[in-house]
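Data first, discussion second: the structure below is written as structure tokens.
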Amino acid sequence: MRAAVLHQPGPISKQPLTLEDVPIPEPGPDQVLLKVEACGVCRTDLHITAGDLKPQHDAIIPGHQIVGRIERTGKGVNHPKPKSRVGVSWMGGVDGDCPLCRRGLENLCDNPIFTGYSVNGGYAEYTIARASFCTPLSEGRSATTLAPLLCAGIIGFRSLRVANVQPGDRVGLYGFGASAHLAIEVLHHWGCEVYVATRGEQHQQLARELGAAWVGDATEKPPVPLDSAVTFAPVGSVVIAALSALRKGGIVAINAIHLDHIPEFDYDSLLWGERQLRSVANMTREDAKDFIALAMEIGISPRTRIFALDQANEALAAIEHDEINGAAVIVP
Ligand SMILES: [Zn+2]
Ligand SMILES: [Zn+2]
């Protein structure tokens, strides 16, 4: 099969992914072999190819927003059935018995498997996944519009949970890329007012089209105090901007697996008053199930730009340069 493989992390200008012919993997016990229909491209993939996240192997195939069809199942797999369509996300497996898993916090498992990082992912024609971490997906939607739901969507949804968003709240979204442009649809479904702070005319324009109550950039303050905010940009100064927009008792959830540096800030004015700063780490299978059901119910439809497998480096470069309005998706 053809796959985009990372051997040596480096800047995207050095084209770190190479297109190669590699053997189709064999599903082991409790695993399935998927034929990849589409795979979303996430900012995390950029952190992996750049080496911001420490390499786990000499060679890895990235990609963790996989829509695929079950080609073959390994020993002991009853579900999902062959030929059915499933999604595979960043959380590729957990041990199930560490102290955090036992508390129901599988997103924080001490021994996690991360798709496209600790095991091979979906920038390929086929991939392997753990059967119990496959989410059933609808046949009635195109693979390319389903793919961005699997990380941008699910982790954006988890961010709203971590920020404790309640119906009717005033919520800030800092950054308006793949994840935020899906989160805004969930927020509107919940009757929330959404305040978007983002750079770039095209992202601001998309936020207006999708019904934001206010659009500015992170140097401007929203016109009202916010109940909560989610930051999507991997930039610490944006976290401070979000904190400064909160009412007392409000929460900022940081949806970024890697952040450059949070500047020093004034506790008395920014965190006092029971304001909270929280990070969003990974996702649970329950987040996946709940979000996919909600996305189908309200008909969330990502804006996408499609790339071929041999354009994987270009897709990542487009994310790095903030050129994608919506989400990038690879179709092998
Ligand atoms: Zn992701
Ligand atoms: Zn665990």
* Asked: Hey, does the range 41-50 have a residue that's farther than 30 Å from H261 by Cβ and out of contact with any helix residue (DSSP H, G or I) (no Cβ under 6 Å at 6 or more places or on another chain)?
  -> no
* Asked: Residues in the range 32-55 that are away from ligand 1 (no atom under 16 Å from the Cβ) and surrounded by fewer than 24 Cβ atoms within 10 Å (Cβ to Cβ): how many?
  -> 6
* Could we say that Q276 is surrounded by 15 or more Cβ atoms within 10 Å (Cβ to Cβ) and closer than 30 Å to E20 by Cβ here? -> no
* Which numbered condition trips up S138, out of (1) modelled with pLDDT under 95; (2) within 19 Å of the chain's Cα centre (by Cα)? -> (2)
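Just give me the residues in the range 107-116 being out of contact with any Pro (no Cβ under 7 Å at 6 or more places or on another chain) and either under 30 Å from V22 (Cβ atoms) or within 14 Å of ligand 1 (Cβ to nearest atom) (or both), in sequence order.
N107, C109, N111, P112, I113, F114, T115
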* Residues of the range 11-27 classified as in a loop (DSSP other than H, G, I, E, B) and surrounded by 14 or more Cβ atoms within 10 Å (Cβ to Cβ), total -> 6
* Kindly indicate the residue of the range 145-169 that is under 13 Å from I254 (Cα atoms) and of a type in the set (A, V, I, L, M) and also nearest to ligand 1 (Cβ to nearest atom) among those meeting that condition. => I155
* Considering only the range 280-332, how many residues are among the hydrophobic types (A, V, I, L, M, F, W, C), farther than 20 Å from H188 by Cα and in contact with a strand residue (DSSP E or B) (Cβ under 7 Å, 6 or more places away or on another chain)? -> 16
* To do: Could you please find all residues in the range 247-280 being touching a Leu at 6+ places or on another chain (Cβ under 6 Å) and in contact (Cβ under 8 Å) with a residue 60 or more places away in the chain?
  => V252
* Could you tell me whether any residue of the range 77-98 is farther than 16 Å from K289 by Cα, surrounded by 21 or more Cβ atoms within 10 Å (Cβ to Cβ), within 16 Å of ligand 1 (Cβ to nearest atom) and of a type in the set (S, T, N, Q)? => no
* To do: Might you check whether a residue that is in a loop (DSSP other than H, G, I, E, B) and surrounded by fewer than 19 Cβ atoms within 10 Å (Cβ to Cβ) occurs anywhere in the range 170-185?
  => no
* Structure fact -> Going through the range 56-76 in order, the residues found to be of a type in the set (G, A, S) and either within 16 Å of ligand 1 (Cβ to nearest atom) or in contact with a Cys (Cβ under 9 Å, 6 or more places away or on another chain) (or both) are G63, G68
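The values are calculated or read from the model by the stated rules, or taken from the named source; none is laboratory data. Please read these numbers as outputs of a predicted model, since none were measured by experiment. Every residue, glycine as well, gets a Cβ built from its backbone with ideal geometry; the counts of neighbours run over all protein chains shown.
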